[in-house]
Amino acid sequence: MTKIILSIGAIQVLAIFIQFLRAKVVAVMIGPEGVGVVSTIDQIVQLAAFVTALSLPLASVKFLSRAHSEGEESFKRSYAGFLKLLGMIALGGTGLTIALVLFRPEVLGPDVAKYQTYVLIALLSMPALILGGFFANVFASAQKYRVSAALAVITNAATSTAVILGLLTAGMVGIFWGSSLAGILLTLGIIVYLW
């Protein structure tokens with residue numbers, strides 16, 4: 001058990017280090033004002049994802065773990081049910097938040113209207129954000145602890161690469177395009193992998 005905990009811990013340290021590197025590179029490239037804009041938009045997307053998800057990705061681990069102990073078919077049914085439910089919730093919540101940003105941006109803060117385009121692009125990553133926590137719990141529930149931890153490394157590495165490439169090629173808007181596209185592609189890839 002100690003060996004498993006240490007290996008998972010090492011993987012998590014690597015995931016955190018990758019996030020740190022991305023934050024440092026982006027901060028150097030866009031400066032303090034840009035970091036403020038990116039942080040504000042990230043907080044809006046995270047809040048919308050948190051409210052939309054209703055803690056279902058976290059709750060799923062209890063149901064998936066029980067289903068795993070009942071057998072493969074039970075686990076597949078639980079996974080498929082949660083995936084469908086979370087997918088619908090994520091798309092619906094994303095649509096509602098996009099409508100809010102388009103028609104009533106001031107509800108989310110005075111700067112949202114100023115950076116409306118950035119916020120709209122960033123919101124495209126919301127389903128990936130919601131489903132990402134769920135996928136980590138799917139692997140953990142199936143007793144694939146290292147895969148669950150490695151998912152954070154893969155996600156952080158892919159997103160970091162996409163964000164930095166987006167910034168280099170398209171400036172500030174590239175950060176949000178890179179993050180959203182990486183999230184969408186990773187989510188589709190994980191769904192195919194789990195299928």
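Quick one: accessible area per residue over region 54-132, 1.4 Å probe, rounded to a whole number of Å²?
57 Å²
If ligands, DNA and RNA are left out, what is the accessible area of Met88 with a 1.4 Å probe, given in Å² to the nearest 10?
About 120 Å², ignoring ligands and nucleic acids.
Rolling a 1.4 angstrom probe over the protein chains, ignoring ligands and nucleic acids, what is the accessible area of Glu73 in square angstrom, nearest 10?
For Glu73, the solvent-accessible surface is approximately 110 Å².
Can you find, among Tyr79, Val51, Leu108, the residue sitting farthest towards the positive end of the charge dipole of region 28-109, where Lys and Arg contribute +1 and Asp and Glu -1 at Cβ?
Checked the options; the winner is Tyr79.
Please work out whether region 6-66 counts as rounded, prolate or oblate from its C-alpha gyration tensor, where a ≥ b ≥ c are the square roots of the eigenvalues and a/c under 1.5 means rounded, while otherwise a/b larger than b/c means prolate and anything else oblate?
Note, shape of region 6-66 comes out oblate.
Below 8 Å, C-alpha to C-alpha, sequence gap of six or more: please give me the relative contact order for region 44-182 in percent.
28 percent
Using the membrane-span-like helix rule (whole DSSP H runs, Cα extent along the own axis of at least 30 Å, mean Kyte-Doolittle hydropathy at least 0.0), which helices of the chain qualify?
Answer set is 2-53, 72-103, 145-170, 172-194.
Counting only protein heavy atoms and using a 1.4 Å probe, what share of the accessible area of the chain belongs to carbon plus sulfur, as a whole percent? Could the numbers behind the result be given before it?
Details: 7790 of 11000 Å².
Carbon with sulfur: 71 percent of the solvent-accessible area.
Can you tally the lysine pairs in the chain where the Cα-Cα distance is under 23 Å and the two residues are eight or more apart, or on different chains?
Taking the chain as the scope, the lysine pair count is 7.
Tell me, rounded to the nearest percent, the portion of alpha carbon pairs in the chain spaced more than 22 Å apart.
Details: 9679 of 18915 pairs.
I get 51 percent for the Cα pairs in the chain exceeding 22 Å.
What accessible area per residue comes out for region 1-47, rounded to a whole number of Å², with a 1.4 Å probe?
With all protein chains present, region 1-47 gives 68 Å² per residue.
The values are calculated or read from the model by the stated rules, or taken from the named source; none is laboratory data. Predicted model, so just to flag it, every value in this text is computed and none were measured. Glycine also receives a Cβ, built like all others from the backbone with ideal geometry; neighbour counts cover every protein chain displayed. We work out accessible area using only protein heavy atoms, side chains counted, and drop any ligands, DNA or RNA first. Shrake-Rupley method; radii C 1.70, N 1.55, O 1.52, S 1.80 Å.
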